[in-house]
């Protein structure tokens, strides 16, 4: 699934900034080990990856917020979803 999101973010400042995010999501199954390794950092903080069962997504702060409901329906092929959360 490709999720294209438009939103406002102040990033700790008084001035709001228009943002455009494009995210790619992959539905995957583990093969063998469930250990995930990442050498990715965001703002100097190491990112961690975890396998999360779809049935337990509501226990986590996960984005986009519609993902749990989306994953419980049948899909085929690539879908492009656009969200516009900007405050006008």
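Coordinate-derived values only; no laboratory data. Note that the structure is a prediction, hence the values are computed from the model and not measured. Here Cβ is always computed from backbone atoms with ideal geometry, including for glycine, and neighbour counts include all displayed protein chains.
Exposure proxy for 9, 58: other Cβ atoms within 10 Å of each Cβ, ordered fewest to most, give 58, 9. Shape of the chain from its Cα gyration tensor (a ≥ b ≥ c, root eigenvalues): rounded if a/c is under 1.5, otherwise prolate when a/b > b/c, or oblate? Oblate, because a/c is 1.5 or more while a/b does not exceed b/c. Once the Cα-Cα distance is subtracted from the 0.36 nm per residue extended length, the residue 78 to residue 29 segment shows a gain of 15.9 nm.
The mean sequence distance of close C-alpha pairs (under 8 Å, at least 6 residues apart), as a share of the length of the chain, puts its relative contact order at 42 percent. Here the label points at residue 62 and residue 6, each 7 Å from Cα along the C-beta direction, are separated by 2.8 nm in the simple model.
Calculated [222 nm] ellipticity per residue, helices only, for the chain: -1000 deg cm²/dmol; basis is -39500 (n - 2.57) per DSSP H run with n ≥ 4, divided by all residues, nearest 500.
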